[in-house]
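J.: Got a structure here, written out as structure tokens. Questions coming.
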Amino acid sequence: YSTAAALEDPIKPPVTVEYDKLLINGRFVDAASGKTFKTLDPRTGEVIAHVAEGDAEDINRAVAAAREAFDVGPWPKMTAYERSKIMFRFADLVEKHNDEIAALESWDNGKPYEQSANIEIPKVVRIFRYYAGWADKIHGLTIPADGPHHVQTLHEPIGVAGQIVPWNFPLLLFAWKVGPALACGNTIVLKTAEQTPLSALLVSKLFHEAGLPPGVLNVVSGFGPTVGAALCSHMNVDKVAFTGSTETGKVIVELAAKSNLKPVTLELGGKSPFIVCEDADVDKAVELAHSALFFNQGQCCCAGSRTYVHEKVYDEFVEKAKARAMKRTVGDPFKSGTEQGPQIDAVQFKKILRYIRSGTESGANLEAGGDKLGTKGYYIQPTVFSNVKDDMLIAKEEIFGPVQSILKFKDLDEVIRRANNTQYGLAAGVFTQNLDTANTLMRALRAGTVWINCYDVFDAAIPFGGYKMSGNGREKGEYGLKNYLQVKAIVTTLKNPAWL
Ligand code: ADP
């Protein structure tokens, strides 16, 4: 791994924090309570900024603004082309400020700056352009019915959308939620994660520069049980979209049900299998399985966290996976070439170390890593376990860290059964050159995405979401629009039934 010295002396991020308040009705304002909370630099645990801490009162203010912007307008009453143009202009501004936004994202989250600047912020731009393109292409149907009726459907926005995002991809998931909601004509109150409040505030400022009317997008920072719960319980919020843990997802649904039965879409946890078949080119499989797990410090809901390897190639795979993990460059996210930065915070850091201990104690072979790295911040060594069994905690629960678990299998039926034997169903990876094997696995695996000879392909047009306890609804693509539309049936009686 890279030297600890780099970790002790972090590079100064090339950006300052300009926006640290709540964004309500187009203005940056203090929390009603006047309270703030600290957002920390995961490289050191030091304070980056004190951010206005919202509460139920602020949610009331934000929802009132969003309600007004929806009911009175102008947002849903503008032409779709006008909305589309504002979204395109916003995408241009994000593109123009790419490096500044990427630096803020990496500072707050700890992810490598090169990853933010070259992958994530460009993807944010792409998502907004994709949905800007949809805005004027959303329409209903004309439907033949029995009787003398003319029947059509209108696809209308739902209203005020409450959106709650997590800390692992703060701005990318902002884009997945805000893009389709705005394209459909909804207004929004969005809650960022308490670990990563900064980037959404910066880009929301740019959105207003692009011409977004006040009240259409409101951003309230703060904690889950206060701000998040108030948003989910609010009687004037028409829909909630949430990305986060399965545990919190259950709470969200309950709050929505107990208030006004608002529909909820959920994108939750996973324990996704990555299946390496006997015909695999082992070097390529190792590299893909490595990035499927270690990407973003292992903090991905769809991480390929159960690496199933056919017995014929198992020994070679384990040796090479170990060597690859040991070569992984861990260090300051602002240093060029860094593949892995620190974990998000002390809570996750300790949780991951507990899982690593549990792996060793339950009899898995520790091949690489197994401990923290350096003395400052939340760095963890890329860790690989082999000889992992399905009933071990590290094979069952979501670790959300840089810990690869390798399991051995003998035949296809067995690996299908084992891969599906989980409460989750977010994604799966298949590595094979055999067409029949690929065809069998793509249909047999119970997961919202099956990546074949690839992983983590997140095109704006491809729907993403979970089976089972990994959630419901799909984000991105045309499917992602459904979460933000009502269907209204219009039935008109025909005066002259002869013209049915
Ligand atoms: P994690 O454990 O990875 O932080 P969570 O599911 O707890 O994942 O957090 C994801 C998002 O959900 C964050 O924005 C968080 O503040 C929010 N959240 C947490 N608890 C609640 C809750 N009870 N009601 C609404 N939102 C919540």
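J.: Enumerate the pairs (first residue in the range 221-235 and within 17 Å of A200 (Cα to Cα); second residue anywhere and within 7 Å of the ligand (Cβ to nearest atom)) with beta-carbon separation below 6 Å, excluding pairs fewer than 6 apart on the same chain, so at least 6 apart or on different chains.
T.: S221/T192; F223/E194; V227/K191; G228/I164; G228/K191
J.: Do any strands (runs of 3 or more DSSP E) lying entirely in the range 1-107 carry at least 2 residues that are modelled with pLDDT of 95 or more, loosely packed, with under 15 Cβ neighbours inside 10 Å and not β-branched (V, I, T), and which ones are they?
T.: Where strands (runs of 3 or more DSSP E) fall fully within the range 1-107 and carry at least 2 residues being modelled with pLDDT of 95 or more, loosely packed, with under 15 Cβ neighbours inside 10 Å and not β-branched (V, I, T), they are 46-52.
J.: Right, G401: within 16 Å of the ligand (Cβ to nearest atom) and either at pLDDT 95 or above or more than 28 Å from the chain's Cα centre (by Cα) (or both) or not?
T.: On the way: within 16 Å of the ligand (Cβ to nearest atom): yes; either at pLDDT 95 or above or more than 28 Å from the chain's Cα centre (by Cα) (or both): yes.
Criteria met by G401.
J.: Does A292 satisfy the criteria of being within 18 Å of F409 (Cα to Cα), part of a helix (DSSP H, G or I), within 30 Å of the chain's Cα centre (by Cα) and in contact (Cβ under 8 Å) with a residue 24 or more places away in the chain?
T.: no
J.: Among the residues of the range 124-149, which ones are in contact with a Leu (Cβ under 6 Å, 6 or more places away or on another chain) and either part of a strand (DSSP E or B) or within 10 Å of A175 (Cβ to Cβ) (or both)?
T.: Selection gives V124 alone.
J.: I need every pair where a residue in the range 172-189 that is over 18 Å from G73 (Cα atoms) has its Cβ under 6 Å from the Cβ of a residue that is in a strand (DSSP E or B), sequence separation at least 6 or different chains.
T.: Close Cβ pairs (under 6 Å, with a partner that is in a strand (DSSP E or B)) amount to L173/T243; W176/E475; K177/Q163; K177/A241.
J.: For a quick check of your reading: which helices (runs of 4 or more DSSP H) sit entirely within the range 150-255 and have at least 2 residues that are within 8 Å of the ligand (Cβ to nearest atom)?
T.: By residue number, 229-233.
J.: Residue by residue through the range 246-260, note down the ones that are free of Cβ contacts under 8 Å to residues at least 60 places away in the same chain and of a type in the set (S, T, Y).
T.: T248, S259
J.: Run L435 past the list (1) surrounded by fewer than 16 Cβ atoms within 10 Å (Cβ to Cβ); (2) on the phi > 0 side of the Ramachandran plot and report the number of the one that doesn't hold.
T.: (2)
J.: If you take the residues in the range 288-333 that are small (G, A, S) and surrounded by fewer than 21 Cβ atoms within 10 Å (Cβ to Cβ), which one is nearest to V403 (Cα to Cα)?
T.: For the range 288-333, the residue satisfying everything is S291.
J.: Residue under question is A346, and the condition is that it be more than 20 Å from the chain's Cα centre (by Cα) and crowded, with 23+ Cβ neighbours inside 10 Å; does it hold?
T.: no
J.: Need pairs with beta-carbon distance below 9 Å; first residue closer than 17 Å to A321 by Cβ and within the range 376-392, second in a loop (DSSP other than H, G, I, E, B) and among the aromatic types (F, W, Y); sequence gap 6+ or separate chains.
T.: That search, which allows pairs on different chains as well, returns Q381/Y1; P382/Y1.
J.: Of the residues in the range 256-277, how many are within 30 Å of D391 (Cα to Cα), more than 12 Å from the ligand (Cβ to nearest atom) and not polar (S, T, N, Q)?
T.: Total meeting the criteria: 7.
Listed here are the residues, each with its yes/no results for (1) within 16 Å of the ligand (Cβ to nearest atom); (2) of a type outside the set (K, R); (3) in a strand (DSSP E or B).
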{"site": "T375", "(1), (2), (3)": "no, yes, no"}
{"site": "R418", "(1), (2), (3)": "no, no, no"}
{"site": "A428", "(1), (2), (3)": "no, yes, yes"}
{"site": "A447", "(1), (2), (3)": "no, yes, no"}
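J.: Let me ask something additional. Based on this model, can you work out whether G363 counts as more than 27 Å from the chain's Cα centre (by Cα), among the small types (G, A, S) and modelled with pLDDT under 95?
T.: On the way: more than 27 Å from the chain's Cα centre (by Cα): yes; among the small types (G, A, S): yes; modelled with pLDDT under 95: no.
Spelling it out, it is not the case that G363 is more than 27 Å from the chain's Cα centre (by Cα), among the small types (G, A, S) and modelled with pLDDT under 95.
J.: Another question, then. From the residues in the range 381-415 that are polar (S, T, N, Q) and part of a strand (DSSP E or B), which one is surrounded by the fewest Cβ atoms within 10 Å (Cβ to Cβ)?
T.: In the first step, residues of the range 381-415 are kept if they are polar (S, T, N, Q); the result is 381, 383, 386-387, 404-405.
Retained after the next criterion (residues that are part of a strand (DSSP E or B)): 383, 386, 404-405.
Numbers: T383: 27, S386: 23, Q404: 31, S405: 26.
My answer is S386.
The values are calculated or read from the model by the stated rules, or taken from the named source; none is laboratory data. Everything quoted here is computed from the prediction, not taken from an experiment. All Cβ positions, glycine included, derive from the backbone under ideal geometry; neighbour counts span all protein chains shown.
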